[in-house]
Every structure is written in structure tokens, then in C-alpha cells.
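The values are calculated or read from the model by the stated rules, or taken from the named source; none is laboratory data. These numbers come from a predicted model, not from an experiment. Quick reminder, even Gly has a Cβ in these numbers, built from the backbone with ideal geometry, and neighbours come from all protein chains shown.
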Amino acid sequence: MKTNVEEMIKGMTEFLKNEAKTETIIGKEFKLGEFYCVPVMAVGMGVGGGEGIGSTSNKAEGEGGLGGAGMGLSPIGFLVSHNNDIQFITVHGPSALNTIFEKLPDLLSKYFESRKREPAVAV
């Protein structure tokens, strides 16, 4: 059995490249009311491999190879756009909560303003 570490690592790298997409961890871009949201994530990955040939004192010979890969994906925030305004909203740390509270009054006023314009629906 002849191992080819370069081919093995190339295959693992291609697999990681195909899997390291925003859609994999938190989904595709989406529209929320008048806002367009694009997920942003951090990706970390590593690839390793090796092969060897050996013999024992009783003249037995052998060869082998192995490979390994790992990937970590983590959402870090969203790019949010409305008209010509683009902002980054983080999902980590206390600033995420502060950002939500800062934007809440504006979002609520827009929501209630839009409700005033909608005709009442008879139930």
C-alpha cells in the first residue's frame, strides 16, 4: 500500500474549505423588516499528516500513513444595513447587550410607526 500524504492533505483541505461557509454555522444572509443582515464568523482550521516506512529485526517491513484535520467555527456578529447605513453588531461580550439596548428605542418607534400606517383588520 503506497500512501500519498500530499494527496491526503489536499483532500482534507478541500473538505475544510467547502465546509467553512457562513451558512454552515449561522445561516445565509436574510432580511429582517427593512434591514438586511449578513452573518460574520471566525474560522480556525488545522491540517496535518505523515507517513513512514519501517522494518523490524526479523526483517518484517511495513509502511503507513495518517492524516487529521480540525475546524472551529464561531459567529462573531452581523453586518446590518438599512438604506445607506451599515453597522456591525457583535454577538459577544457586554457590548452586544449595549448595542441591542441602544437600537431598541429606534426599532420600537419604527415598528409602532409602521403599525399606525397599517389598516385595522376586523376579527
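One line per residue, one yes/no per condition, for (1) within 21 Å of E7 (Cβ to Cβ); (2) touching a residue at least 40 places away in the same chain (Cβ under 8 Å):
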| site | (1), (2) |
| --- | --- |
| K31 | no, no |
| M45 | yes, no |
| S55 | no, no |
| F78 | no, yes |
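Any residue in the range 65-87 that is in contact with a Cys (Cβ under 6 Å, 6 or more places away or on another chain), surrounded by 13 or more Cβ atoms within 10 Å (Cβ to Cβ) and over 24 Å from E14 (Cα atoms)? Yes, that holds for at least one residue. Scanning the range 16-46 for residues that are over 30 Å from D106 (Cα atoms) and either loosely packed, with under 14 Cβ neighbours inside 10 Å or acidic (D, E) (or both), we see that the one that is modelled with the lowest pLDDT is T24. Of the numbered criteria (1) surrounded by fewer than 15 Cβ atoms within 10 Å (Cβ to Cβ); (2) more than 30 Å from S114 (Cβ to Cβ); (3) of a type in the set (D, E, K, R), the one E51 fails is (1).
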